[in-house]
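The values are calculated or read from the model by the stated rules, or taken from the named source; none is laboratory data. None of the values given here were measured: they were computed from a predicted structure. Virtual Cβ from ideal backbone geometry, glycine too; neighbours counted across all protein chains shown.
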Amino acid sequence: MTLSFFNTLTRQVELFKPIHPGQVSLYTCGPTVYNYAHIGNLRTYIFEDILRRALERFGFKVSHVMNITDVGHLESDADAGDDKMALASKREHKSPWEIARYYEDAFFKDCAALNLVKPTLVCRATEHIAEMQAMVSKLIDKGYAYVVDGNVYFRISKFADYAKLSKRNLSELLEGARVDVDNRKESPLDFVLWFSQSKFPNQIMKWESPWGTGFPGWHIECSAMASKYLGEHIDIHCGGVDHISVHHSNEIAQSEGCFGHPWVNTWMHGEFLVLDKAKMSKSSGNFLTLKSLEEQGFEPLHYRYFCLGAHYRSQLFFSFEALQGAKNAFESLKNRVISWKLDPQKGAHPEKAADYLKRFNEALANDLDMPIALSILWEMLKDTSLGGKAQLDLMRQFDQILGLGVDNFEKAELSPEQLALVQKREEARADKDWAKADELRKELLGLGICLKDTQTGTDWYLSY
RNA sequence: GGUGCCGUGCUCGAGUGGUUAGGGAGCGGUCUGCAAAACCGCGAACAUCGGUUCAAUUCCGAUCGGCACCUCCA
């Protein structure tokens, strides 16, 4: 069985073959840390987490690098709009550095809550200014970049393959380009590598450079850091679909211009989570965070499960109703797992487990087809001929990919007061005082506890 | 304006040239003092209009609708 992935570069599902046998270099574009990550951002990191886990299941040693964009960037290369770090800084009365560290920390807390496997290396843009400058210098030397008034721009016309990722022709892009007020550029499509002259002369985050004191363009950080830690030729680079036509196209141009050879073998992009018929936008402030979901009674893992229901290359429409469905399914799954843990029965046909695992892995290998993987999971959950023991074992293996935290599923503890109520009801039942028993049941239900009368006594579980 | 993707039952969401996806919700049943959980069963779909074909939800075209990208953005 071999992994296959959809490669944006070729627009096809391809058999995955690493550059070095048994090893994979993976670069995933990280967050810009001027605000909380919203659930749309997080969907992409969940997709990348499944990818990471899949690679490891198939035996690869993965070097996974993620950047943290902690430098402020303008809304466009044309020096228009606002610097989001500076805005946040003003809003919260903190220095840009404090803002960056605060939201970086918040981001990793969200990741942990979603059971995302940590990248093997996380790197901050502000700690790699020298590497970026070195790359910019090299691009100038090779004629791929030019300096105007202290700003450095990438010369698109020099890089013939500029549209190879976006599959759009240059004249089309030029026609579509919005009015560009930066007349320092040779072409509207040229993008900034280094900014010394911006409308923010009092920029707090700034560094000395051969071209003037300023800050790097947005795209250069990924190229500089990816090559520093993963080399000049990497296996997989991921991000959201919005990055295809600008950010990643620019990264390819500057990296391949600099190195003189192809840079990334496989480009993978996660589709958007769509909310209220509009995409969630971090910069417009219209977004939901993990915290907003928690305030409505949803745990981070409910959201993770919700995301697994759709293929990463399909748009996923968010609604609280749909999330509630995911929550119900997740809790039902959890209760099954707990019952297996408490009473691992041997089934009539535990040997069928191997087939379920094979089918699950096949779905995974087929461009991370999690909706199919989930349907196999549910088929397995309901197949009592396997027996709880085999089902639990299989569930643990599935969960190495799904990341739902099966090992942490435990029967919740009741407080002594709650246990006393359960006891009181049992006594009422023994006395056949049904009215009192029902009243106590109702009281417990108000505390989120459902009772289940069995032959061996009264059992309980948490309602959801 | 340009480019691309998509349109499946009450809902979310896979998939396929002829044969059951799956989850949630709903309904009926078994079980129960009553419940709950579990289990069994049930209903219901492929935007519209043409075309290709023995056969189309699946292929082709048009229309309508939605979304995304072209600008910081997952």
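General observations
- Of all the listed residues (A:Phe47, A:Phe5), the sole one being away from RNA strand B (no atom under 13 Å from the Cβ), within 21 Å of A:Leu308 (Cα to Cα), aromatic (Phe, Trp, Tyr) and buried (at least 21 other Cβ atoms within 10 Å of the Cβ) is A:Phe5.
- Residue list for region A:285-298, restricted to those being outside any strand (DSSP E or B), of a type outside the set (A, V, I, L, M) and within 11 Å of RNA strand B (Cβ to nearest atom): A:Gly285, A:Phe287
- Spans of helices (runs of 4 or more DSSP H) in region A:299-376 with at least 3 residues over 21 Å from A:His269 (Cα atoms) and near RNA strand B (Cβ under 8 Å from one of its atoms): A:320-342
- Selection within region A:15-44 - of a type outside the set (A, V, I, L, M, F, W, C) and surrounded by fewer than 16 Cβ atoms within 10 Å (Cβ to Cβ): A:Lys17, A:His20, A:Pro21, A:Gly22, A:Gln23
- Per the conditions (1) surrounded by fewer than 18 Cβ atoms within 10 Å (Cβ to Cβ); (2) in contact with a Leu (Cβ under 6 Å, 6 or more places away or on another chain), the sole criterion not satisfied by A:Leu445 is (2).
- A:Ala363 in contact with a Phe, Trp or Tyr (Cβ under 9 Å, 6 or more places away or on another chain), assigned by TED's automatic domain parsing to the domain that holds A:Arg336 and of a type in the set (Gly, Ala, Ser): no
- The listed residues are A:Tyr102, A:Tyr146, A:Tyr153, A:Tyr162, and the only one of them that is closer than 24 Å to A:Asn265 by Cβ and not charged (D, E, K, R) turns out to be A:Tyr162.
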